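Just below is one structure, and these are the notes that go with it.
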Amino acid sequence: MARRIADDLTLTSGGLGVLAPEHLLDALINAPVAVLIVDFDDRILWRNNVASELWASHFEARLDSRASHLFSDPQHFGRLLSKVASGKSIENESALIDRPYPNGGLVDVLITMNGCLDEGGLTYARCFIRDVTKSMKQVSETEARLTQLVALEHLSRTLQSSKSTEAAYEVLGEELPKLFAHSSGALFMRRESRFEQICHWGVLTEKESELRDCWALQRARIHTVQPGSLGLACRHCASGGAWASLCIPLVYEGNVVGLLHLRREYTNTYQAHQIQFSEAAVEQIALVLSNISLRESLIHQSIRDSLTGIYNRRYMIEVLEREAYRCRRHGNPMGVMMVDIDHFKTFNDLYGHAAGDAVLRHVGQRLEASIRAEDTVCRYGGEEFTIVMPGARLEKVTARAETLRQAVGETAMEYNGRQLGSISISIGVAIFPDHGESSEEVLRRADIALLHAKASGRNRTETFGTR
């Protein structure tokens, strides 16, 4: 039967070319694709060596077994065979054969099929089956890599739009488990001298102190542990050799600012492209976080007083205008205090400017610690401070002013082992809109009240219009 089939078979598919009949049988037997000859009753009449290997378990049966039973969807193959019986040809039809690989996956194949004529008409079908599992796997891997790159680009854009470092950390907590979905992981960032866990997913429960023994942090480069490798596991991920792991430091301008730790089961190793992607992702994250930190630093410098750490005059004017507009819109009052350290010039002359700076810091901190969450304290300039209290009426503002004056006066200052004595402050109070219809006018009248307090002996609170 095989000889008769070979004599009239001219191959135009499967990469075998057109061969003379005397050489055709050997070519079919050794063809690089699986070849089946099937009659229109679905019986296998002949198969080549590749087909025997592809369906090894099935070919223990007789040759006249049903061809459709070799496929995961027998009805699909039956429909293809019917089309060929009607005179049509099949080109590169996708199918799955019903033989698991050692890894448990089915085999993807492409089927090309046409009929063979003899004197009585169509007598059998010629089937050429090409295993494309590896090609499909490569396509799948390529799609997975593209998906990861798109996810990384989305993460980068989202991070860049974050208003603060803390907001960026929240984004990372949401997005990193998606970006590295096939690994457990944790992200650590440096806070002063420690590494703090920002987020984690999967099975990880690292402790901050153990990260000091991480090889990646000590060497400032990636540290991998793979099956069969000689690499030492870090103490924070040592678990009886049960895991493959990556420790990737976040490095910016030569400084290690964080660490990404990834881990998966030891049998599921990290491929080279996965390691490269992980490093690229960490590099991108480190760059964006450093940019956010720089932006925060610049903003801080622009609105904070460098000596006391509280808000500066520029920010105070901004807040004053904004809160005045909001209070006017809602019909609410707003309290404004002008605060001055009594006899500050004499204090500076007596103890020196360094001690004077310490006093400014101390007063600024005491004022900031004694106001409401919705209030704002700023250094107006020199030894003067301004406090803005949205929604506060005169009684509440004056009561708060007395509390602040007493809080500052109750603390004795010490600098470089020297007792500097007690400090007193004078406070002027004005209320919007009672004492002015604009923020500038209210501020000016609070300053007038402060001058009255100082002229009246200092260490007291005065309200505009009471004199």
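Details
- Qualifying residue in region 425-446 (condition: under 18 Å from D340 (Cβ atoms) and either among the polar types (S, T, N, Q) or part of a loop (DSSP other than H, G, I, E, B) (or both)): yes
- Filter result for G409 (over 30 Å from R328 (Cα atoms), surrounded by fewer than 16 Cβ atoms within 10 Å (Cβ to Cβ) and either in contact with a helix residue (DSSP H, G or I) (Cβ under 9 Å, 6 or more places away or on another chain) or β-branched (V, I, T) (or both)): no
- The set of residues in region 378-397 that are of a type outside the set (D, E) and either assigned to a strand (DSSP E or B) or surrounded by 20 or more Cβ atoms within 10 Å (Cβ to Cβ) (or both) comprises C378, R379, Y380, G381, F385, T386, I387, V388, M389, P390, A392, V397.
- Scanning region 345-375 for residues that are in contact (Cβ under 8 Å) with a residue 40 or more places away in the chain, closer than 23 Å to K454 by Cβ and either small (G, A, S) or in a strand (DSSP E or B) (or both) yields A355, A358, G364.
- Cβ pairs under 8 Å, 6+ apart, first in region 323-334 and assigned to a helix (DSSP H, G or I), second of a type in the set (A, V, I, L, M): E323/M334; E323/V388; A324/M334; A324/V442; C327/M334
- Condition check for V257: of a type in the set (A, V, I, L, M) and either in a loop (DSSP other than H, G, I, E, B) or free of Cβ contacts under 8 Å to residues at least 60 places away in the same chain (or both): no
- In region 293-322, residue nearest to A167 (Cα to Cα) [restricted to those that are of a type in the set (D, E) and assigned to a helix (DSSP H, G or I)]: E296
- Hey, R66 modelled with pLDDT of 85 or more and farther than 30 Å from S278 by Cβ or not: yes
- Index of the failed condition, I387 passing every other in (1) of a type in the set (A, V, I, L, M, F, W, C); (2) within 20 Å of N459 (Cβ to Cβ); (3) in contact with a Cys (Cβ under 6 Å, 6 or more places away or on another chain): (3)
- For S370: the one exception among (1) more than 20 Å from T308 (Cβ to Cβ); (2) surrounded by 13 or more Cβ atoms within 10 Å (Cβ to Cβ); (3) at pLDDT below 95: (1)
- Residue list for region 157-192, filter: of a type in the set (A, V, I, L, M, F, W, C) and touching a Cys at 6+ places or on another chain (Cβ under 8 Å): L172, L176, A186, L187
- Residues being part of a loop (DSSP other than H, G, I, E, B), of a type outside the set (S, T, Y) and modelled with pLDDT of 85 or more - total across region 69-100: 3
- Unmet criterion (only one of (1) modelled with pLDDT under 85; (2) among the small types (G, A, S); (3) assigned to a strand (DSSP E or B)) for A233: (3)
- Restricting attention to region 396-433 and to residues that are among the acidic types (D, E) and touching a strand residue (DSSP E or B) at 6+ places or on another chain (Cβ under 7 Å), the residue that is farthest from I448 (Cα to Cα) turns out to be E414.
Residues are listed down the side, and each one gets a yes or a no for (1) under 24 Å from R191 (Cβ atoms); (2) of a type in the set (F, W, Y):
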position: A280; (1), (2): no, no
position: Y311; (1), (2): yes, yes
position: R329; (1), (2): no, no
position: H353; (1), (2): no, no
position: D357; (1), (2): no, no
position: R361; (1), (2): yes, no
position: S370; (1), (2): no, no
position: G381; (1), (2): no, no
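- Scanning region 281-312 for residues that are among the small types (G, A, S), without any contact (Cβ under 8 Å) to a residue 60 or more places away in the chain and under 30 Å from V363 (Cβ atoms) returns S297, S302, S306, G309.
The values are calculated or read from the model by the stated rules, or taken from the named source; none is laboratory data. Remember, predicted model here, so these are calculated numbers, not experimental data. Note that we place each Cβ from the backbone using ideal geometry, even for glycine, and neighbour counts take in every protein chain shown.
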